[in-house]
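Heads up: the structure comes next, in structure tokens.
The values are calculated or read from the model by the stated rules, or taken from the named source; none is laboratory data. Note that the coordinates shown come from a computational prediction; the quantities given were computed from them, not determined experimentally. Here the Cβ positions follow ideal geometry from the backbone for every residue, glycine too, while neighbour counts run over all protein chains shown. These accessible areas exclude ligands, DNA and RNA; they are computed on the full protein's heavy atoms, side chains included. Shrake-Rupley method; radii C 1.70, N 1.55, O 1.52, S 1.80 Å.
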Amino acid sequence: MRTYLQCVPCFVRQTLEAVQMASDAPAVHEQVMRQVLHRTSQMDLGDSPPIMGQAIHRIIKQITGVTDPYRDAKRRLNAFALRLYDELAPQIDETADPVSAAVHLAAAGNVVDLGVKSGLDHDQIRSAIRGALDDPLDPREVERFRQAIAAARDILYLGDNSGEIVFDRMLIERLPHENITFVVRGEPIINDATMQDAIETGMADLVPVIDNGSDAPGTILSDWSPEFRERFARADLIISKGQGNYETLSEEDRPIFYLLKVKCPVIAQDIGEPVGTLILRRK
């Protein structure tokens, strides 16, 4: 997916929010913002938005020396999502179709995205998750997903955010997870899930977890480690979670199921569904 001019205000907002987490010094905020604005003026609109996101956060890390300004926020999100897990996991298994229920909750969990909304509070997360079962997903896509999972022998599940990873865990627990490998980012970026988040939330105890070798808020082909590149090529089914992975993989010719919540007008325009829609769609 390409970058649209409507993405630029989001880049600026995200820059200011992130640098204010990393530093209290107004002079540092100004230095970062000036560099980001200069870099934005030179960006290739043919690139996907996470390429610019990666550049922004590299600038912030370089100037402030803070490698993970979202670390405390990620811990809080993981802890809150684990409390919801204790409430929701038994309820999922009491439904007529636990797999479908878990798919809905995993898609709704994509709301936990501090790149889109840094002021996200627990009430908003709880409301989105609890309303997930009432949000429609195409039952034909759910059935195609179920059949594809049953037929696949090597599945990559590309994770997105901390907190959200708990709802991915809920889904994976209800699938034949002996065939699933979960993928996290190689280095901290916004509140995207890393190996530390997989350990904190129990994902690493459930399935093998690998990282993609990248510090981008997506899955950028040119940035992958050789190990992840080989695993991606070998997989016979890929589950792509979240907007960042959709933005970077939407043009890849691979068997991919996209699972996300549409959270911004740009994604809504590209995917052809209104903001707020839960998406399960095979490329």
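In the set Ile267, Ile279, only one residue is touching a helix residue (DSSP H, G or I) at 6+ places or on another chain (Cβ under 7 Å) and part of a helix (DSSP H, G or I); that residue is Ile267.
Ser127 meets each of the listed conditions (1) polar (S, T, N, Q); (2) modelled with pLDDT of 90 or more; (3) open to solvent by 10 Å² or more (accessible area, probe 1.4 Å) apart from (2). Of all residues in segment 246-267, those that are under 13 Å from Asn110 (Cα atoms), among the charged types (D, E, K, R) and surrounded by fewer than 24 Cβ atoms within 10 Å (Cβ to Cβ) total 1. For Asp160, the criteria (1) more than 17 Å from the chain's Cα centre (by Cα); (2) acidic (Asp, Glu); (3) open to solvent by less than 10 Å² (accessible area, probe 1.4 Å) hold in every case but one, which is (1).
Given the structure, is Gln147 within 17 Å of the chain's Cα centre (by Cα), surrounded by fewer than 20 Cβ atoms within 10 Å (Cβ to Cβ) and assigned to a helix (DSSP H, G or I)? Considered against the rule, which asks whether it is within 17 Å of the chain's Cα centre (by Cα), surrounded by fewer than 20 Cβ atoms within 10 Å (Cβ to Cβ) and assigned to a helix (DSSP H, G or I), Gln147 comes out as no. Within segment 161-184, the set of residues being part of a helix (DSSP H, G or I) and among the hydrophobic types (A, V, I, L, M, F, W, C) comprises Ile165, Val166, Phe167, Met170, Leu171, Ile172. Among the residues of segment 213-222, some residue qualifies, meaning at least one is over 14 Å from Ile238 (Cα atoms), hydroxyl-bearing (Ser, Thr, Tyr) and at pLDDT below 95. Residue under question is Arg140, and the condition is that it be open to solvent by 20 Å² or more (accessible area, probe 1.4 Å), among the basic types (Lys, Arg) and over 19 Å from Tyr258 (Cβ atoms); does it hold? Here the answer is no, as Arg140 does not meet what is asked.
From the list Asp253, Asp236, Asp205, the one residue that fits, being of a type outside the set (A, V, I, L, M) and touching a residue at least 40 places away in the same chain (Cβ under 8 Å), is Asp236.
Could you name every one of the helices (runs of 4 or more DSSP H) located completely within segment 25-107 that has at least 3 residues being within 23 Å of Asn161 (Cα to Cα)?
49-64, 71-93
Restricting the search to segment 193-218, which residues are among the charged types (D, E, K, R) and in contact with a strand residue (DSSP E or B) (Cβ under 6 Å, 6 or more places away or on another chain)? Answer for segment 193-218, where residues must be among the charged types (D, E, K, R) and in contact with a strand residue (DSSP E or B) (Cβ under 6 Å, 6 or more places away or on another chain): just Asp211.
Scanning segment 6-24 for residues that are in a helix (DSSP H, G or I), closer than 17 Å to Asp68 by Cα and in contact (Cβ under 8 Å) with a residue 24 or more places away in the chain yields a total of 7.
Residue-wise test of (1) open to solvent by less than 20 Å² (accessible area, probe 1.4 Å); (2) of a type outside the set (Lys, Arg); (3) over 20 Å from the mean Cα position of the chain (by Cα).
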| site | (1), (2), (3) |
| --- | --- |
| Gln42 | no, yes, yes |
| Asp47 | no, yes, no |
| Lys61 | no, no, yes |
| Val66 | no, yes, yes |
| Leu77 | yes, yes, no |
| Asp86 | no, yes, yes |
| Ala89 | yes, yes, yes |
| Asp93 | no, yes, yes |
| Ala106 | yes, yes, no |
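Among Glu227, Glu273, which is the only one that is farther than 22 Å from Leu5 by Cα and open to solvent by 10 Å² or more (accessible area, probe 1.4 Å)? Only one candidate passes the filter, namely Glu227.
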